1. Would you calculate the separation in nanometres between label points at GLU48 and GLU136, each defined as 7 Å from the Cα along the Cα-to-beta-carbon direction?
2. Report the label-to-label distance for TYR91 and THR27 in nanometres (one decimal), using points 7 Å from each Cα along the Cα→Cβ vector.
3. Could you sort GLU201, GLU124 by accessible area so the largest value comes first, with the probe set to 1.4 Å?
4. Report, in listed order, any pair from LYS159/LYS206; LYS4/LYS206; LYS15/LYS140; LYS128/LYS178; LYS4/LYS98; LYS108/LYS159 with a Cα-Cα distance greater than 25 Å.
5. Treating the beta-carbon of each Lys and Arg as +1 and of each Asp and Glu as -1, no other charges, what is the dipole magnitude of the stretch 1-50 about its Cα centre, to the nearest 20 debye?
6. For labels at HIS61 and LEU180 in the simple 7 Å Cα→Cβ model, what's the distance in nm?
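The values are calculated or read from the model by the stated rules, or taken from the named source; none is laboratory data. These numbers come from a predicted model, not from an experiment. Neighbour counts run over all protein chains shown; Cβ positions are idealised from the backbone, glycine included. Side chains are part of the model used for accessible areas, which takes the heavy atoms of the whole protein and leaves out ligands, DNA and RNA. Shrake-Rupley method; radii C 1.70, N 1.55, O 1.52, S 1.80 Å.
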Amino acid sequence: MSEKVILTCPHCGNKAPMNLLNRFQKTTDVPLDYSEDAQFHDIFEVFECPVCDGYQLVLTHWNTEEAYYEDTNLYEVGEVLFPSFEMVNLYRLPKIIKEAYESAIKVKNIDSTICVIALRRTLEMVCKDNGAVKGELHQKLNQLQQKGILPPLMGDLFKVIKDFGNMAAHGDQVIFEKPLVESMFRFTNKILEYVYILPREMKRAKRELEMLAEEAGLQTRDDEEKPPEVETKSVKTEKQS
């Protein structure tokens with residue numbers, strides 16, 4: 001196969017046209033009452049990085065019930081199944097967040113200290129993107145929590161990454177071993193997924209639920225009929241003479 005797709009390599013962080021080595025498509029037909037069957041496609045593709053020769057397995061989806069434009073990039077909603085290294089979907093992030101996160105990926109296997117600093121900077125960009133721009137990073141974190149953008153648990157993860165980032169930036173004698181760096185990535189991913197990805201996935205799941213409910217002639221919770229209102233009649237009382 002000679003097809004090439006521009007992706008970011010999860011091994012070396014290089015962004016370039018990747019060589020498509022293999023492709024498999026699974027199609028599921030869903031009968032609809034009002035028209036022909038709807039088709040849902042799961043596409044599995046294996047790509048090779050031209051820089052480090054690393055492989056990645058990518059899963060993308062599309063279906064006949066949604067509108068797609070000519071410039072639609074299915075990889076924006078795709079998922080890297082291999083390698084197992086946890087990496088958030090870059091296409092779903094705002095540009096400034098994506099660029100900061102990519103910087104961390106690029107140095108992940110080169111300089112772990114710089115990588116941790118880059119992850120801290122990613123959190124700085126999250127604050128900026130959500131309007132928390134005043135004060136130190138911990139003050140910006142408090143602003144995100146006050147706005148309800150981050151719950152307490154995510155705030156704790158935020159603080160851990162901030163503190164390790166401070167250690168790395170201030171030249172503290174800390175050795176950032178690979179397992180620790182992996183943990184920092186996992187924590188960062190959870191925050192990014194909660195703020196940027198989970199809301200979009202919930203909307204998509206809701207649309208699919210509504211479509212399936214319509215096929216089955218059911219109603220979703222939001223569309224359930226309200227209980228009928230009880231008509232109340234006023235009773236007039238006659239004054240006793």
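1. 5.1
2. 2.1
3. GLU201, GLU124
4. Violating the 25 Å limit, Cα to Cα: LYS159/LYS206; LYS4/LYS206; LYS15/LYS140; LYS128/LYS178.
5. Dipole about the Cα centre, nearest 20: 460 debye.
6. In this crude label model, HIS61 to LEU180 measures out at 3.8 nm.
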